[in-house]
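**Q** This is the structure, below, for whatever I ask next.
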Amino acid sequence: MEALLPRSLEEALELRAAHADAVPVAGGTDLMVAVNFGRARPPALLDLSRVEELKTWRRENGTVFVGAGMTFARIALELREFRPLVEAARSVGSPQIRSRATIGGNVGTASPAGDAIPVLAAYAATIVAGSTRGERREPWNAFFTGPKQTTLAPDELLLGVEWQAVEGPGSFAKVGTRNAMVIAIAGLCLQLDLRAHTVRLALGSVAPTVVRAPDAEAFAADVVPWDEPERALPEQAVSEFGRLAAVAARPIDDVRGSAAYRRHVVEVLARRALSWTLGDRR
Amino acid sequence: MLIRTTVNGRDCEADVWPGASLLALLRDELGFTGSKNACEQGECGSCSAWLDGELVCACLVPAVQADGAAVRTVESLGDGERLHAVQDAFLAAGAVQCGFCTPGMVVAAVDLLERNPQPSDETIREALAGNLCRCTGYQKILDAVHLAAAELS
Amino acid sequence: MSTTVAPTGSGIGTSARRVDGIPKVTGEYAYGSDLDAENSLWGFTLRSPHASARIRSIDVTAARRGDGVAAVLTADDLPARRTFGLEFCDQPILGDGVVRYAGEPVAIVAAETLEEARQAASAVIVDYEPLVPVTDMEAALEPGSPRVHDFGNVLRHVHILHGDVDSPEAEVWVDGYFETGTQDQAALGPEAGLAVPASDGGIDLYVATQWLHVDRQQIAPCLGLPEEKVRITLAGVGGAFGSREDVHMQIHASLLALKTGRPVRMSYGREESFHGHVHRHPSRTWIRYGATRDGRLVACDVRLLLDGGAYASSSPAVISNASTFASGPYEVPNVRVEGTVVYTNTPPCGAMRGFGAPQVCFAYESAMDLLAAELGIDPLELRLRNALHTGSVLPTGQVITGTAPVREVIEKLQAIPMPPEEPASGRDPISYPGGAGNVSRGESLRRGVGYAVGYKNIAYSEGFDDAAEATVTLRPGPDGPVASIRTAAVEYGQGLYTVLAQIVRSELGVEDVVVEPATTESGSAGSTSASRQTTMSGGAVLGACAEIKQELAKHPLEEPISRTFTYHHRPTTELDEHGQGDPHVAFAFAAERAVVEVDVELGLVRVLQIAAVQDAGRVLNPQGATGQVEGGTAMGLGLAVMEELQLQDGNIRNASFTDYLIPTILDAPPIVTEFVEVPEPGAPLGVKGVGEMATVVATSAVIAALRDATGRTLNRAPATPEDLVGIRPPATTAGPAPVPDVPGQKAIPEYLGLGLGQQELMKARER
């Protein structure tokens, strides 16, 4: 096994182009598990931990860009404005994990249970990839093609994620069997856009990829009293929102939970998230 | 490949296969066996150490990332004669039984108190959520952190 | 906070600091996995992926040629006895023509690095012929079932009959069916050790284990060595809870060391560890209680079934223990218990904290709650009305001659204040059920309270003389006399060595006490299990001190005085053909109350408080004893809500800490502990053990509380979110498992003349 240690983004992209079989690693919190267990023996590691350009984030007007190398610990500290993202970041593993695990790793691994991905979906984020051929931008839903599958080309590296900041409350939640250190049995992220009067709901761990719930979104956009922030939604409408959210889930039975429970969790969490975000308007 | 790193202020180097973790580097090559291996997948925190000042699971850090970096382990605590306040508090409070989780737990507790000298119960629980203990049921570990916080203030 | 920090004392009754504490907090304490030697090799094990298969051939040529490889061994290379086992030598060192569980060792490799050993293992070509496995404990009893061993799938059946189990005195009957899943000890320290070949042709082993001498007894014949040439020194043990009772890497590492002439270290990874040690027996229990209308128990009828997995381990003792406790800590004049442990093609089960008692406690406490509801009597009142006491006659006919302060334990529990009510809204988000997942702002929270009372034995039973030897030496020193204790007893965290030091300090008035490393140079101290060591090794140390004191009475201390004492507990008997006898040395009782908060929409749990009262005889170290209760409670809580090894066709699906979940600090509640100290007559210092009783009752108390909160049946442990929301229905049964036809109460291998040392059992047989 070789180790390639670029010190700049340019160098990293060149090495990536030259070594198609080198596995990129930043935090290592996914890859090293497989390596430690003897399950992964890549011919080479492409260590991105020294590429400072990947570890930045910026906000220019309404566009937010978060570099792939940003850790969840830093996201939780520095991107306070984006509450669902912070909630998701804080739910990742432990302090030890959060200080290393990166949003790029979460996106690159592309597990349907990846904690940041429902937030990116609810933000309608764009995935930014780079190579010696230049930059490529792709909407999140085109980028994730299946469980642990993406359109990232063998010569590409993840540069970061980008979204248009929306004005409005949002919420992230995930369920596991114990109170900490869980891979989500089901999770979701809800984001209200108080300007555009839209609702975005993304579901995690209940389909081959993270999915949005378009019927639930359309229904909510219709019934939310946009011009009356003090007014609550009738219980019936909240329940219908939950029902429509669960319908969008396509979960399976696995060692962590059953499909039936997952659908049930989506329904409950969707109702709660809607009530919370509406309440947070006030 | 040759890794050059600083562990607890001392320059060290060793030759490891590139897939090795920082934990393997510390334990098998450099003789720092204080950090423990209980799961090799970052679930238990027994391998907790500091890498450039940040609390990490050494089992998940590729050793190559420690090249040129400063590593701090449980062996850095205390001054050879006296125990660190957290170490002493663990003993005073009865927070040690088999002791396998203890180095990682102590490191995580020191990290917490360095950042938050008077943490609440909830803050302690969140900070130690990644450190598993099978022997104590955690109650005396909470006692120990409060005791150390009082001692250090 | 659970306890205030006690002033540092040093003798009996004080919360003296751990004698091994400093190296543990500095990281210097050397566990089995920390040991190394000059010129050492790494050992690694290749394991079967099949639950049942014939081994047609094993080709090690490529493996032997691997980089850094010093040796590759299979069953063909075994020099002497080919099997080992705690009660019967039925477990092959390496797959010998057949494999009987997924994870069974098939080949071992020694190489310069662990990575090279792993690579070599994957280069071993094993030609398996998969066979149809039997992986369900009831299927194992069916006549057409595949046989794990030639003589059939019943390992032991215990029959206990006392009185008339259909007694007409009973006016009200309740019955229930209860299941517990497979729990893993999940000790953080892995199976590990170092084997060093010696110049006399023998072996020096440094290993994390629970009983040095029983290890040696099994290891020596497998190496073709006399016991004196197998010298074992205890390495630091990172927890055990039963998983170190059986031999794990000892024989493998020794064989590799003797073959290569170099030290061999082995340390299991977590995934391998799940496969490399025994687990808690999963159980199915059918139980029926009959009582008078005013709540007096009349009869109890129990059918109990445990799955022992592929090899015997200590299953024969577990089924017997569990069966004797199956009617609970209550006076029941008419009892029948039919308890069976079967073989299946699953990873072997054996000792785990509680040793069968937690499983039956779940059944009898759940049934007692059903009975209380049926009678309209308060659940604790029902228990008080029937509580055992000194003089009570047990279902085995044994009369309790020691203390049995069950009433006092329950009353003390009742007196512990409940945790205060908390408002549903406005809390720190992490304090809601679901914790770090941010799933709640206080919705759908319901509180529940549940109780459980239980008991089990102290020390080994059914005629087993598990004596303990200790040597105490007192010598003059420059700053005053110094004492040392030499014992083969294993310390694996419970604080045994600290307690032994406290005894010496109090008895000899010496502050400076050292505990020497444990080796097979000393006589056996028996296993560190069965909550026995404070009694047994405590008794040995006490006896040695008494003899030293006698000596000191004659003349002052000028030369070192050394005395060795072997402590025996009172004799016990086997069970006769009706399960009657005097099988247990002593009993310890415990009761717990769990207060839980459940998010009933999501089925997520936050335990608010567990109150624990334990009958301890005499508490030698309050902080240490409380620590045992707290840790034991957490382990029971794990089985209640989250811990289960999931097996599919005999394969473990969740052999990692990602998916085998043990409680984190965010799952562990405040635990309030109290002790009832009524000295046990005849026991050294009046002590009883404290290690297991909390685990016996905690699972049942928590599930009882979850029932209270959710109104659901919850007849299975663990009760997962799916059970709590009702998506998974209660476990059902087609009726009690049939009672097998057996020659008697003993384990079947014994009737076949297959005692310790028999090789016949393990010849590869045609199916």
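Read-outs throughout are calculated quantities, based only on the coordinates presented, and are distinct from any laboratory measurement. A quick note: this is a predicted structure, and the numbers were derived from the prediction, not measured. When we count neighbours, we look across all protein chains shown, and the Cβ atoms used for this are built from the backbone with ideal geometry, even at glycine.
**Q** Taking the Cα centre of segment B:2-76 as origin, work out the dipole magnitude from +1 charges on Lys and Arg Cβ and -1 charges on Asp and Glu Cβ, in debye rounded to 20.
**A** 160 debye
**Q** Ok, one more. Under the Kirkwood approximation for Rh and a Cα-based Rg, what ratio Rg/Rh is obtained for chain B?
**A** 0.97
**Q** I'd like the projected area of the protein assembly as shown, averaged over all directions, using the convex hull of its alpha carbons. Report it in nm² with one decimal.
**A** 45.4 nm²
**Q** How much length would be gained if the chain were fully extended between residue A:58 and residue A:14, taking 0.36 nm per residue of separation minus their Cα-Cα distance, in nm to one decimal?
**A** 13.4 nm
**Q** Given the C-alpha centroids of segment C:25-54 and segment B:80-122, what is the distance between them in whole angstrom?
**A** A separation of 29 Å, based on Cα centres.
**Q** Which value in nm describes the separation of the simple spin-label points at residue A:281 and residue C:407, placed 7 Å from the Cα toward the beta carbon?
**A** So the label points at residue A:281 and residue C:407 sit 6.5 nm apart.
**Q** Report the far tail of the P(r) of chain C, meaning the percent of Cα-Cα pairs longer than 47 Å.
**A** 18 percent
**Q** Once the Cα atoms of segment A:55-164 are picked out, what are the Rg and Dmax in Å?
**A** When restricted to Cα atoms, segment A:55-164 yields Rg and Dmax of 12.9, 37 Å.
**Q** If exposed means no more than 12 neighbouring beta carbons inside 10 Å and the site is in a DSSP loop, what's the longest run of chain C without any exposed GluC sites (Glu not before Pro)?
**A** C:39-420
**Q** Moving on. So which GluC sites (Glu not before Pro) in segment A:207-242 pass both tests, a DSSP loop state and at most 11 other Cβ atoms within 10 Å of the Cβ?
**A** Sparse-neighbourhood loop GluC sites (Glu not before Pro): A:230.
**Q** Evaluate 2.2 N^0.38 Å with N set to the residue count of segment A:170-281, then give the Cα radius of gyration divided by it.
**A** In units of the globular-protein estimate, segment A:170-281 measures up at 1.04.
**Q** Could I ask something else about it? On the first, second and third principal axes, largest extent first, how far apart are the outermost C-alpha atoms of chain A in Å?
**A** Computed over the Cα atoms, the extents are 60, 45, 31 Å.
**Q** What nm distance separates the two modelled labels at residue A:151 and residue C:175, each placed 7 Å from Cα along Cα→Cβ?
**A** Going by the 7 Å Cα→Cβ label model, 6.4 nm.
**Q** Report the label-to-label distance for residue C:646 and residue C:393 in nanometres (one decimal), using points 7 Å from each Cα along the Cα→Cβ vector.
**A** 4.9 nm
**Q** In debye to the nearest 20, how big a dipole does the protein assembly as shown give about its Cα centre with +1 on each Lys and Arg Cβ and -1 on each Asp and Glu Cβ?
**A** Roughly 1020 debye for the protein assembly as shown.
**Q** Oh, and also: Dipole of chain C, Cα-centred, from +1 at each Lys and Arg C-beta and -1 at each Asp and Glu C-beta, to the nearest 20 debye?
**A** Dipole of chain C, to the nearest 20 debye: 280 debye.
**Q** Can you tell me the FRET efficiency between residue C:574 and residue B:150 if r is taken as the Cβ-Cβ distance and R0 is 45 Å, rounded to the nearest 0.05?
**A** E(calc), rounded to 0.05, equals 0.20.
**Q** Post the alpha-carbon centroid distance, segment C:696-753 to segment C:386-424, in whole angstrom.
**A** Their Cα centres are 23 Å away from one another.
**Q** Which GluC sites (Glu not before Pro) does segment A:44-126 hold that lie in a coil by DSSP with at most 16 other beta carbons within 10 Å?
**A** A:81
**Q** Quick check of the Kirkwood formula: for segment B:85-152, what is the inverse mean of 1/r over all pairs of different Cα atoms, in Å?
**A** 11.4 Å
**Q** Separate question: Would you grab the residues whose amide H sits under 5 Å from the one on residue C:20? Only those 5+ places off in sequence or on another chain, please, with H modelled 1.01 Å from N.
**A** Residues meeting the criterion, in which the H sits 1.01 Å from N, do not exist here.
**Q** Additional query: Give me the net charge for the shell around residue C:712: Cβ to Cβ below 12 angstrom, other residues only, Lys and Arg +1, Asp and Glu -1.
**A** Here the count lands on +1.
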